[in-house]
Amino acid sequence: MSELPSGYRVFSHEIIDSTNEEAKRLAMAGDPGKCIVWAVEQTAGRGRRGRQWVSKPGNLFASILIRPQARLADASQLSFAAALAVKHTLEVLSQQAIGFALKWPNDVLVDGAKISGILLEGSSKPARHGGYAQTDYLIIGIGINLQHHPEDTPYPATDMIAATGISLKPEDVVAQLTVSFDEIYQSWVTNGFNALRQQWLKAAYRLGEPIEVQQNDNRIKGIMRDLDATGALRIEVEDGNEVVIHAGDVFFPAGA
Ligand code: BTN
């Protein structure tokens with residue numbers, strides 16, 4: 001494994017329930033943060049919205065534990081940092097310009113298919129003296145399909161070999177991923193969300209094009225316009241009004 005950024009530690013496991021769960025156990029046990037939990041295989045890998053994340057050896061399963069000094073709602077903006085870090089890592093390691101694009105909120109796509117998913121989990125400290133509650137810990141769980149991908153997914157999936165013919169090993173990806181993430185994380189600490197938001201928008205998939213967002217039984221259709229100052233998605237709907245989406249699954253209409 002190449003070098004981690006200064007101050008980071010890695011915890012490697014052959015097999016574990018979920019690297020997010022292990023990172024949570026570390027946080028609860030008082031780990032100061034700046035560590036990455038990595039596993040060859042997960043028996044209970046989880047995805048967004050309570051879905052399962054199939055976690056067979058060959059792909060990357062890792063969780064970064066940090067303790068940002070910010071409100072949890074603001075720290076959640078770091079999911080965009082993680083998506084950009086995945087894109088940067090795969091570009092650096094494959095030494096090729098590959099057409100990665102980012103799908104809100106935090107998927108990484110190649111040729112329109114999902115190659116990486118990110119699951120943020122965190123907790124706040126109790127608010128003090130009527131102030132805002134600060135983040136206790138934030139776990140950024142990252143799955144990257146390096147060698148294989150599942151077939152039955154709500155959104156088409158792919159993997160590095162299928163999409164690019166490039167074979168990367170998870171153990172070679174962990175350190176670069178941490179380096180790429182920490183660089184963007186430090187820039188967010190110093191410069192705030194707007195710089196990160198601009199970077200994400202530059203790489204966004206189908207910005208300015210038709211989009212559909214599924215929220216429980218509700219399907220919202222419109223044109224993807226922007227991210228707001230918090231990271232929510234701004235969509236222009238048919239009557240010209242704007243709808244701000246804080247949660248949901250994004251799809252792109254066929255033929256659009
Ligand atoms: C998604 O649904 O797109 C998010 C998937 C996140 C999967 C990763 S794999 C490493 C970490 N551990 C987990 O249990 N989940 C995340």
Original post:
Taking square-rooted eigenvalues a ≥ b ≥ c of the alpha carbon gyration tensor, is the chain rounded, prolate or oblate, where a/c under 1.5 means rounded and, failing that, a/b exceeding b/c means prolate?
Top reply: oblate
Original post:
Over the Cα atoms of the stretch 79-121, what Rg and Dmax result, in angstrom?
Top reply: 9.9, 32
Original post:
Taking neighbour counts of Cβ atoms within 10 Å as a proxy for exposure, in what order, fewest first, do ILE245, ILE211, ILE98 appear?
Top reply: ILE98, ILE245, ILE211
**OP:** Along Cα→Cβ, 7 Å out, is where each label goes; now give me the distance between the ones at ARG219 and ASN194 in nm to one decimal.
**Re:** 3.8
Subject >> the stretch 210-251: C-alpha gyration tensor shape, a/c 1.5 cut-off, then a/b vs b/c >> reply: oblate
Original post:
Which longest run of the chain has no exposed loop site in it, a site being GluC sites (Glu not before Pro) in a DSSP loop with at most 13 other beta carbons within 10 Å, and the site itself not part of the run?
Top reply: 4-150
Original post:
So what is the relative contact order of the chain, in percent, for Cα pairs below 8 Å that sit 6 or more residues apart?
Top reply: 17
Original post:
Once both labels are modelled 7 Å past Cα along the beta-carbon direction, what's the GLU242-GLN186 spacing in nm?
Top reply: 3.4
Subject >> Sites ASP17 and GLU151, calculated FRET efficiency, Cβ-Cβ separation with R0 22 Å, nearest 0.05 >> reply: 0.40
Original post:
In percent, what relative contact order does the stretch 210-251 have, based on Cα pairs under 8 Å that are 6 or more apart in sequence?
Top reply: 38
**OP:** Please tell me the relative contact order of the stretch 55-152 in percent, rounded to the nearest whole number, where contacts are Cα pairs under 8 Å and at least six residues apart.
**Re:** 40
Subject >> Net +/- balance of residues flanking LEU177 in space, Cβ distance below 13 Å, scoring K and R +1, D and E -1 >> reply: -4
**OP:** Work through the residues other than GLY165 whose Cβ is under 14 Å from its Cβ and net out their charges, Lys, Arg +1 and Asp, Glu -1.
**Re:** -2
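The numbers here are math on the coordinates, done by the rules we state, and not lab data. As the structure is a prediction and not an experimental result, all values here were calculated from the model. Neighbour counts are summed over all protein chains in view; Cβ atoms, including those assigned to glycine, are modelled from backbone coordinates with ideal geometry.
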